[in-house]
1. Residues that are in a strand (DSSP E or B) and of a type in the set (A, V, I, L, M, F, W, C): does the range A:119-129 have at least one?
2. Looking at the range B:247-260, I want the residues that are part of a loop (DSSP other than H, G, I, E, B) and have a partner that is among the basic types (Lys, Arg) with Cβ atoms under 7 Å, at least 6 apart or on another chain. Which pairs are those?
3. Just the residues that are more than 14 Å from chain A (Cβ to nearest Cβ) and either modelled with pLDDT of 95 or more or over 19 Å from residue B:104 (Cα atoms) (or both), please, taken from the range B:154-167.
4. Only one of these is touching a residue at least 40 places away in the same chain (Cβ under 8 Å), in a strand (DSSP E or B) and β-branched (Val, Ile, Thr): B:22, B:72. Name it.
5. What pairs can you find where one residue is in the range B:102-117 and modelled with pLDDT of 85 or more, the other is assigned to a loop (DSSP other than H, G, I, E, B) and among the small types (Gly, Ala, Ser), and their Cβ atoms are less than 6 Å apart, with a gap of 6+ or different chains?
6. State which residue is surrounded by the most Cβ atoms within 10 Å (Cβ to Cβ) when the search covers only the range B:308-331 and only residues that are out of contact with any helix residue (DSSP H, G or I) (no Cβ under 9 Å at 6 or more places or on another chain) and under 17 Å from residue B:42 (Cβ atoms).
7. Count, please, the residues in the range A:114-129 that happen to be buried (at least 20 other Cβ atoms within 10 Å of the Cβ) and not β-branched (Val, Ile, Thr).
8. Suppose the filter is surrounded by fewer than 22 Cβ atoms within 10 Å (Cβ to Cβ) and either more than 30 Å from residue A:256 (Cα to Cα) or of a type in the set (Asp, Glu) (or both); does residue A:67 pass it?
Amino acid sequence: MSAPLLEIEDLVVHFPTADGPVHAVDGLSMTVERGQTLGVVGESGSGKSVTFLAAMRLLDRAQPTISGRIALAGVDLLGLSHAEMRRVRGARIGMIFQDPLSALHPLLRVGDQIAETLRAHGKVGRRDAAAQAVAALRRVGIPNAEERARQYPHELSGGMRQRVMIAMALVLEPELLIADEPTTALDTTVEAQILDIIDDLRVRQGIGVVLVSHSLATVADVADTVVVMYAGRAVERGPCDAVFAHPLHPYTWGLLDSIPALDAERARLVPIPGAPPSQVDPPPGCRFAPRCAYRIDACTARLPELTERGGGHADACVLAVPGRTALRHRPGAGRTEAAA
Amino acid sequence: MSVPDQGPPLVEVRGLTKRFPITRGVIIARARGAVHAVEDVSFAVARGQTLGIVGESGSGKTTTARMIVRLIDPTSGSIYLDGADITHVTGADLRALRRRVQIVFQDPSGSLNPRQTAGQIVGAPLRVHRVPGDRRERVAELLAQVGLSPEHASRYPHEFSGGQRQRIGIARALALAPELMILDEPVSALDVSVQAHVLNLLTDLQQQHGITYILISHDLGVIRHLSDRVAVMYLGRIVELADAGAIAAPAHPYTAALVSAAPVPPGGPTRRRILLAGDPPSPITPPSGCAFHPRCPKARLISGDPQRVPERCRTERPDLATLPDGRSVACWFPLAAGDDLVGAALAMAGPASGGSSPARLAKPAPQP
């Protein structure tokens with residue numbers, strides 16, 4: 001039991017295009033422990049979804065170039081045959097997506113869809129499967145589960161549909177749940193319910209959870225560990241409290257300063273200048289350097305690796321930590337000071 | 001920016017109501033009921049100010065906005081612009097109104113014609129309203145105002161990023177120098193860092209041109225950032241109307257649930273969530289009395305029983321009433337200090353919710 005539940009090592013995913021390969025993920029490493037929630041945040045195009053689609057081996061048809069290692073409890077998923085991978089999907093890794101309506105079959109009753117999952121993995125008979133499907137719906141807090149199981153997806157609200165997705169993802173009792181933007185399409189009060197259900201199942205069943213989200217606040221609420229991604233790479237990783245209370249990377253600062261807060265006095269937001277770099281032809285050195293207010297010459301000279309800064313908190317930045325954090329909110333103040 | 005209301009409001013709505021009939025039958029359509037989208041909504045916005053309208057899907061916020069722009073006609077109620085009743089204006093008067101009131105939509109790619117260049121899109125209002133002057137020059141000026149460059153005029157929407165597309169939508173709305181701009185979820189399709197740029201742009205434009213905004217959003221942080229006053233809608237009605245600064249300490253139990261569920265700004269103090277049971281009820285058959293009573297934790301605190309609601313909440317609908325501190329709230333039992341809504345909501349949900357659940361309200365739930 002020494003191997004972590006999910007271990008991603010130096011993952012590279014490049015998609016071939018007419019203009020050259022798109023560097024969707026470019027040297028990414030992270031681990032998920034049992035019974036813990038890993039939050040992965042990043043903006044559109046940062047590679048967060050591609051990473052976990054690669055882990056589920058759902059990218060094969062796009063024929064990307066993949067290298068590195070994605071190991072579930074020590075077994076490299078990238079080396080499995082299609083048949084072996086089918087036994088991993090659902091049974092050992094459950095996945096839920098942003099839009100439950102497009103992930104559910106519109107012409108099948110939701111109970112039958114969950115039962116089908118059980119039957120496909122050949123564990124149970126028809127009647128047993130139906131009973132287990134109802135039990136699964138009950139576990140995710142759906143009232144009148146027997147009745148709901150006989151309904152079609154369009155008859156359910158968005159929150160109910162996402163509960164059905166969670167029930168389906170967990171019915172085979174996987175060790176790992178990957179939730180890719182599970183609450184983005186939902187209302188605020190319903191989002192709170194769904195996060196609560198996922199967290200409760202994590203505690204009760206001891207599963208590992210990966211929560212992929214563009215919303216720092218959503219991740220901050222439930223994650224144990226956080227990875228911040230930018231342009232296909234991790235720029236910061238650490239315990240949730242540390243990352244949000246003492247963020248280290250200038251990109252993380254930029255994200256945090258961009259959020260309008262509810263309680264704070266109204267101040268002008270400090271957005272990140274510029275736009276994410278081209279993924280076909282990424283800039284030399286640090287990918288964030290062209291937009292970084294603290295940039296020095298060394299930033300464009302080499303690509304900084306994720307470096308441990310104590311307490312499990314790591315970041316990928318050329319600048320020394322003390323000099324850098326002293327400069328926060330004084331962009332451009334010390335192109336030379338920070339180099340120390 | 002938080003200037004107290006002065007002078008007559010630029011825009012005012014009184015008793016605004018919209019019901020969409022549900023019909024059955026193809027040849028002879030018979031009314032079978034109605035969706036109560038907006039019910040008896042009243043508010044006023046002073047010139048140069050921002051009213052934020054927050055609510056979940058189906059709360060009627062977008063329908064309210066569309067009635068003000070006259071994209072849909074209200075079932076009853078009135079809309080006033082600068083003191084003049086515009087509820088039923090038609091023809092030339094309606095065209096004149098369109099110059100004064102503009103709207104920016106949520107989805108920047110869905111609201112821009114993919115076959116027109118940015119310049120054609122931004123210039124369209126000038127063409128339609130036959131605005132005299134050099135159109136190309138004016139378009140370049142508008143693009144510059146929203147942070148784009150004149151060369152962008154010859155590009156098509158697909159050549160722009162999401163944030164840039166939303167800037168085009170804003171430039172188009174600005175073209176006729178409107179007095180009132182309706183912003184319907186202007187940043188919810190954008191990434192956080194892009195969102196901040198657009199919010200700053202909206203702030204600048206308001207300061208430069210004195211435009212009045214009605215901002216629709218489900219994101220309380222965005223609402224708080226841009227608004228002077230905030231209206232909270234639930235199932236077609238305004239349940240609370242308060243200064244933006246006061247919204248984080250609400251008086252209505254539903255506002256409290258929204259505030260508690262709003263993701264906490266990272267690094268700040270954590271908030272305990274009030275987990276509302278169930279989904280918002282159907283606007284076709286809204287609950288009797290207060291529409292929030294089936295999910296209301298405060299009502300359970302009053303009755304002392306997680307399964308019971310005071311008679312009054314079930315039978316009598318509370319009207320929006322002004323409290324001593326200037327806010328208005330539609331609730332028989334506005335929040336008081338020390339109300340444990342978190343515990344009450346947990347008790348309502350019962351063991352099925354997954355949360356630890358005390359049997360009675362007297363015993364609050366342990367900290368999660």
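1. no
2. B:247/B:224; B:251/B:327
3. Selection gives B:154, B:155.
4. B:22
5. B:105/B:111
6. Filtering first and then ranking leaves B:330.
7. The qualifying residues number 3.
8. For residue A:67, the condition - surrounded by fewer than 22 Cβ atoms within 10 Å (Cβ to Cβ) and either more than 30 Å from residue A:256 (Cα to Cα) or of a type in the set (Asp, Glu) (or both) - is met.
The values are calculated or read from the model by the stated rules, or taken from the named source; none is laboratory data. For clarity, every value in this text was computed on a predicted model and none was experimentally measured. FYI the Cβ positions are ideal-geometry reconstructions off the backbone, even for glycines, and counts take in every protein chain you see.
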